[in-house]
Structures are given as structure tokens and as C-alpha cells.
1. Name every residue in the range 4-33 that is outside any loop (DSSP other than H, G, I, E, B), touching a residue at least 40 places away in the same chain (Cβ under 8 Å) and open to solvent by 20 Å² or more (accessible area, probe 1.4 Å), in order of residue number.
2. Of all residues being buried (at least 17 other Cβ atoms within 10 Å of the Cβ) and not charged (D, E, K, R) in the range 34-47, which is nearest to Phe7 (Cα to Cα)? Just the residue, please.
Amino acid sequence: MYVCSCFGITEQQVREHADRGACTPRQVASACKAGTDCGSCVRRIQALLGRGACPRRELIDSGAPDALRPESEPSDPEQAPGEPAVPSVPAVPLAAEAAAPAPAGLRAVA
């Protein structure tokens with residue numbers, strides 16, 4: 001079943017991203033763009049991810065240096081031991097964040 005009709009992302013694809021370490025809708029969005037257009041799927045993505053344990057978050061909390069690097073990306077030989085890895089995928093703003101109203105006293109520029 002489709003979760004994101006804007007980009008044709010299915011429940012199975014969201015689960016696959018979760019299996020690869022995505023713990024939040026933003027991380028799913030960075031992987032496949034789901035949730036970055038109209039935003040109507042963000043709550044469904046959150047429901048599919050659930051609120052259970054996140055293996056990636058547990059690795060980060062334990063201080064594992066490679067916790068943020070995708071499995072397919074080789075480790076950086078110039079990275080100092082113990083230095084945290086920098087994620088290679090830039091964060092994609094969710095549609096709900098992009099459509100947020102301007103703070104009081106400021107005009108939104110179109």
C-alpha cells in the first residue's frame with residue numbers, strides 16, 4: 001500500500017529504510033523524499049516506524065563512530081579514530097516545516 005502518493009513510496013519501502021537504520025520521518029525523507037512534498041504522509045510514516053527501540057540511535061548513544069555512516073559507504077581513512085562520522089545525506093526539510101507560517105511581525109516572502 002502506498003504511504004506517499006507524491007513520490008510513490010510504499011509501506012514496504014518505509015520498512016526497508018527503517019531496517020537500514022531510519023528512526024524518524026526526517027531520516028526516511030532523506031532516504032526517499034517521502035514527506036517532503038505535501039506532508040500528508042508524515043504521520044503514517046511515524047506510525048510505521050513506531051516508538052520502539054532504534055538500533056541506530058542505540059549505536060549513536062553508545063558512541064559507535066560509524067553509527068551514522070550508511071553501510072554501503074566505506075570508512076574515511078583520514079577520519080581520526082573515535083571521531084564521529086558525518087552523514088553523507090543532507091537533511092531534507094519535511095513539508096510541514098517548509099510550510100510553517102512566518103513568526104509574528106515578519107512577512108513571508110513568496
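The values are calculated or read from the model by the stated rules, or taken from the named source; none is laboratory data. Being a predicted model, the structure only gives us computed values, none of them experimental. FYI the Cβ positions are ideal-geometry reconstructions off the backbone, even for glycines, and counts take in every protein chain you see. We work out accessible area using only protein heavy atoms, side chains counted, and drop any ligands, DNA or RNA first. Shrake-Rupley method; radii C 1.70, N 1.55, O 1.52, S 1.80 Å.
1. Of everything in the range 4-33, those that are outside any loop (DSSP other than H, G, I, E, B), touching a residue at least 40 places away in the same chain (Cβ under 8 Å) and open to solvent by 20 Å² or more (accessible area, probe 1.4 Å) turn out to be Arg26, Ser30, Ala31.
2. So the first thing to find is which residues in the range 34-47 are buried (at least 17 other Cβ atoms within 10 Å of the Cβ), and the list is 34-36, 39, 41-42, 44-45.
Filter once more, so that each one left must be not charged (D, E, K, R): 34-36, 39, 41-42, 45.
Numbers: Ala34: 6, Gly35: 9, Thr36: 9, Gly39: 11, Cys41: 11, Val42: 13, Ile45: 13 Å.
Looking at the filtered set, the residue picked out is Ala34.
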